[in-house]
1. Could you list, in sequence order, the residues of the range 191-240 that are touching a strand residue (DSSP E or B) at 6+ places or on another chain (Cβ under 6 Å), of a type in the set (Gly, Ala, Ser) and open to solvent by 20 Å² or more (accessible area, probe 1.4 Å)?
2. Could you grab me the full set of residues in the range 23-35 that are out of contact with any Asp or Glu (no Cβ under 7 Å at 6 or more places or on another chain), farther than 22 Å from residue 192 by Cα and open to solvent by 20 Å² or more (accessible area, probe 1.4 Å)?
3. Select, from 101, 135, 64, 57, the only residue that is modelled with pLDDT under 95 and either within 26 Å of residue 269 (Cα to Cα) or in contact with an Asp or Glu (Cβ under 9 Å, 6 or more places away or on another chain) (or both).
4. Only one of 257, 344 is assigned to a loop (DSSP other than H, G, I, E, B) and modelled with pLDDT under 95. Can you tell me which?
5. Please give the number of the condition residue 182 fails out of (1) more than 30 Å from residue 302 (Cβ to Cβ); (2) in a loop (DSSP other than H, G, I, E, B); (3) open to solvent by less than 60 Å² (accessible area, probe 1.4 Å).
6. Identify, from the list 126, 146, 176, the residue that is closer than 22 Å to residue 57 by Cβ, among the polar types (S, T, N, Q) and either in a helix (DSSP H, G or I) or open to solvent by 60 Å² or more (accessible area, probe 1.4 Å) (or both).
7. Being open to solvent by less than 10 Å² (accessible area, probe 1.4 Å), over 21 Å from residue 119 (Cβ atoms), of a type in the set (Val, Ile, Thr) and within 21 Å of the chain's Cα centre (by Cα) narrows it down to one of 87, 92, 70, 77, so name that one.
8. Take residue 267 and decide whether it is basic (Lys, Arg), part of a helix (DSSP H, G or I) and within 23 Å of the chain's Cα centre (by Cα).
Amino acid sequence: MNPNEHALQYPFGDTQPERGTALEVAPGVKWVRMPLPFALDHINVWLLRDEIDGRQGWTIVDCGVSRDEVRELWEQVFATQLDGLPVLRVIVTHMHPDHMGLAYWLCERWQAPLWMSMTDYMTALSWSSQAGGSGSNGEAAVAHFSRHGMTDPDQQEQIRQRTGYYPGLVPSVPASYTRVMDGDEIKIGDHAWQVIVGYGHAPEHVSLYCPDLRVVISGDMVLPRISTNVSVFAYEPDSDPLRLYLQSLDGYRDVADDALVLPSHGRPFKGLHERIAQQHQHHADRLAEVLEACAQPQSTMDIVPVMFKRKLDLHQLTFAMGEALAHLHMLYFQGKLTRRTEDDGIVRFRVR
């Protein structure tokens, strides 16, 4: 554990559910882990005991990517973990592939409705039907990363060839959905869950908090070990997502300090407000590093090794560039940096 992790509490220690099984973490709340084909090799998904219009069953929160292996694991869960009851509803926290990928299959498999925010539903609908529309791949992404200092032709070509990345993991999206908005209260079984919407990581990310159970499903907005990725990508090249993300963390201020946090990656933990404070400090430190580095003109690619000390593969590099640019943009929009597209076509930032 790093020092930040030591400041948190992990009620289940190193225990985690086996593949194709579930572990109850609160009354009527079960934890399932699904594999991912990335360096971040798992996603946590959640089963909530439910009743809708007199029908007993379950609500699923988040889905995993569209892979045969994940479907097979879901079938094991259905056969052994649902007490013979059906899935009544699917809630997706946001449109990223590990959360959205199998929503279409789960909804069809159980004839269950999809619930999520409008912005993320519409984005997923668009990206799944348009190869190259995923923001971090294809020609638009090549142009975006090139402007910010990625000049290696091999890296550019690999990104150019990944036009089918999002549709490959999210091949379809349900034709209809139920809209979820900030401040909504969703009755799931015997309990009311409050919707907390956050920005910066995804267009309109949904978290769920149940005061009765003292449980918060944080999605990707608050993770126990890694920092949530906050990036500027080609589809919104002049955005300021880090400011939005840090502001969004205020939305958790009314969550009980001893609430059990159910994150999308890592282990369930307690210490939400400590972790939020850590995130504010983490980004303050990174912003200070970036500002110091920009005493001389710096491209986004120049800033990546300032923020990320480890070796990165191309998938990780695109996210690292997005995050480095998010820090540069926050400082730029605060008036602390200037930016200029220089004669070589690369955008560089410098202390004002």
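1. Answer for the range 191-240, where residues must be touching a strand residue (DSSP E or B) at 6+ places or on another chain (Cβ under 6 Å), of a type in the set (Gly, Ala, Ser) and open to solvent by 20 Å² or more (accessible area, probe 1.4 Å): just 192.
2. 33
3. Result: 135 is the single residue among 101, 135, 64, 57 that is modelled with pLDDT under 95 and either within 26 Å of residue 269 (Cα to Cα) or in contact with an Asp or Glu (Cβ under 9 Å, 6 or more places away or on another chain) (or both).
4. On inspection, the qualifying residue turns out to be 257.
5. Exception for residue 182: condition (3).
6. Within the list 126, 146, 176, the selection yields 176.
7. 70
8. Judged against the criteria, residue 267 is not a match.
The values are calculated or read from the model by the stated rules, or taken from the named source; none is laboratory data. Only a predicted model underlies this, so the values are computations on that prediction, with no experimental measurement involved. Cβ atoms come from the backbone with ideal geometry, glycine included; neighbour counts cover every protein chain shown. Surface areas here come from the heavy atoms of the whole protein model, side chains and all, with no ligands, DNA or RNA. Shrake-Rupley method; radii C 1.70, N 1.55, O 1.52, S 1.80 Å.
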